[in-house]
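Novice: Mind having a look at this structure? Questions to follow.
The values are calculated or read from the model by the stated rules, or taken from the named source; none is laboratory data. Being a predicted model, the structure only gives us computed values, none of them experimental. Here the Cβ positions follow ideal geometry from the backbone for every residue, glycine too, while neighbour counts run over all protein chains shown.
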Amino acid sequence: MTDISAAPACSIGLPVYNGENYLEQAIQSVLAQEFQDFELIISDNASTDGTEAICRRFAEQDPRILYVRQPRNIGAAKNYNYTFHLARGAYFNWLAHDDILGPAFLSACLQGFEAYGDGAVLVYPAFKYIDEAGREAGKRAASCVETSARTPARRLYETLDQLAVVTSVFGMFRRDMLARTRLIGSYIASDYVLLAECALLGHIVRLECPPQFQRRLHKDGSQRANKTPDAVAKWFDPDAVADPRPARRLSREYLNSLCLTPGLSAPDRLSALFALAVQRVKLKVQVRKKQRVRQRVKKHAV
């Protein structure tokens with residue numbers, strides 16, 4: 001019999017709000033893992049649909065499932081972080097209520113950590129997109145963030161250079177290393193900042209393996225459902241208002257990461273600051289080039 005009082009090897013955090021459409025599939029994908037030494041932490045963000053009933057039914061059937069219902073909507077960022085703060089495993093990953101883990105997700109990631117050693121902070125497998133019905137979607141694969149460079153500055157530069165639509169944050173983290181980051185912030189692109197802080201701390205590893213993660217694209221997903229900056233801000237935090245200059249906010253958060261991430265020497269911080277400056281200048285040049293191209297296309301169209 002499993003001793004549920006002992007800390008599991010892996011913790012899975014599943015934050016959810018009104019997720020009755022896909023939640024059962026997500027939970028079942030966790031229970032079907034080849035590696036079974038895990039805990040599943042579900043934080044229900046005061047859902048008003050059938051989410052609570054689904055969660056309570058599964059929690060009653062399996063003692064590895066911890067279900068917590070928030071008394072009010074605390075926003076997606078705090079709800080994600082709440083699941084992490086309850087985690088006891090040496091390894092941790094988030095799972096959105098509408099995504100699905102492949103049966104070898106946990107075992108593949110654990111083998112990745114074993115293969116890449118203590119330098120790895122985040123390990124994630126190949127993935128694919130699916131639609132509302134679970135069929136493979138034809139969308140082009142998102143950017144894959146990975147870096148095994150020796151210095152924090154180089155890892156930071158490589159990570160920032162690869163950011164686009166990222167799925168890496170749904171990989172497996174070393175819990176003690178993730179605890180040294182600021183987790184998910186209540187602002188747009190806070191997942192970018194989290195990956196930057198992970199890169200400052202160590203390696204981000206993309207595994208070469210069959211897809212073990214399915215990311216669902218549907219009309220009610222957070223990226224599609226929240227169409228305005230204000231809607232996005234309130235998705236992160238119901239009490240928030242949209243930042244009028246999100247790009248400047250993002251740059252400020254990167255600077256905060258350089259100052260606040262623990263364990264870096266002063267030379268490492270200075271080198272990382274230089275790498276950040278170079279990367280941001282490069283990004284501005286790319287943006288301006290795209291703007292000029294759009295202007296020329298518009299001019300010729302007229």
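Novice: If only one of L195, L183, L207 is under 19 Å from F92 (Cβ atoms) and either buried (at least 22 other Cβ atoms within 10 Å of the Cβ) or modelled with pLDDT under 90 (or both), which one is it?
Specialist: Numbers: L183 fails: either buried (at least 22 other Cβ atoms within 10 Å of the Cβ) or modelled with pLDDT under 90 (or both); L207 fails: either buried (at least 22 other Cβ atoms within 10 Å of the Cβ) or modelled with pLDDT under 90 (or both).
One residue alone meets the criteria, L195.
Novice: Can you tell me which of T83, T51 is touching a residue at least 24 places away in the same chain (Cβ under 8 Å) and more than 20 Å from the chain's Cα centre (by Cα)?
Specialist: Values: T83 fails: more than 20 Å from the chain's Cα centre (by Cα).
The conditions single out T51.
Novice: Quick one: how many residues across the range 234-250 are in contact (Cβ under 8 Å) with a residue 24 or more places away in the chain, exposed (fewer than 14 other Cβ atoms within 10 Å of the Cβ) and not in a loop (DSSP other than H, G, I, E, B)? Show your work before the answer.
Specialist: Here is the first cut: in the range 234-250, the ones in contact (Cβ under 8 Å) with a residue 24 or more places away in the chain are 234-240, 243, 246, 249-250.
Subsequent filtering for residues that are exposed (fewer than 14 other Cβ atoms within 10 Å of the Cβ) retains 239.
Going one step further and asking which of them are not in a loop (DSSP other than H, G, I, E, B), we end up with none.
Result for the range 234-250: 0.
Novice: Here's another thing I want to ask about it. Got a number for residues in the range 251-284 being assigned to a helix (DSSP H, G or I), farther than 17 Å from Y157 by Cα and of a type outside the set (G, A, S)?
Specialist: Going through the range 251-284, the residues assigned to a helix (DSSP H, G or I) turn out to be 251-260, 266-284.
Keeping just the survivors that are farther than 17 Å from Y157 by Cα gives 260, 266.
Applying the additional criterion that residues be of a type outside the set (G, A, S) yields 260.
The qualifying residues number 1.
Novice: If you don't mind, another one. Counting just the residues of the range 34-69 that are polar (S, T, N, Q) and in contact with a helix residue (DSSP H, G or I) (Cβ under 7 Å, 6 or more places away or on another chain), which one comes out nearest to P238 (Cα to Cα)? Even if it seems obvious, please write down each step before you answer.
Specialist: Residues of the range 34-69 that are polar (S, T, N, Q), as a first pass: 36, 43, 45, 47-48, 51, 61.
The next check asks that each one be in contact with a helix residue (DSSP H, G or I) (Cβ under 7 Å, 6 or more places away or on another chain); those that pass are 43, 45, 51.
On the way: S43: 17, N45: 11, T51: 20 Å.
Among them, the one singled out is N45.
Novice: Just give me the residues in the range 10-49 being crowded, with 21+ Cβ neighbours inside 10 Å and acidic (D, E), in sequence order.
Specialist: Within the range 10-49, E39, D44 meet the criteria.
Novice: Do you know which of the residues in the range 54-76 that are in contact (Cβ under 8 Å) with a residue 60 or more places away in the chain and over 15 Å from P15 (Cβ atoms) is surrounded by the most Cβ atoms within 10 Å (Cβ to Cβ)?
Specialist: Across the range 54-76, the extreme among qualifying residues is R64.
Novice: Output the residues belonging to the range 150-178 that are under 18 Å from T261 (Cβ atoms), touching a residue at least 40 places away in the same chain (Cβ under 8 Å) and assigned to a loop (DSSP other than H, G, I, E, B).
Specialist: Hit for the range 150-178 is T151, nothing else.
Novice: On to the next question. Determine, yes or no, whether A87 is in a loop (DSSP other than H, G, I, E, B), of a type outside the set (D, E, K, R), surrounded by 21 or more Cβ atoms within 10 Å (Cβ to Cβ) and out of contact with any Leu (no Cβ under 8 Å at 6 or more places or on another chain). Before the answer, list the steps.
Specialist: Numbers: in a loop (DSSP other than H, G, I, E, B): yes; of a type outside the set (D, E, K, R): yes; surrounded by 21 or more Cβ atoms within 10 Å (Cβ to Cβ): yes; out of contact with any Leu (no Cβ under 8 Å at 6 or more places or on another chain): yes.
Yes: the conditions hold for A87.
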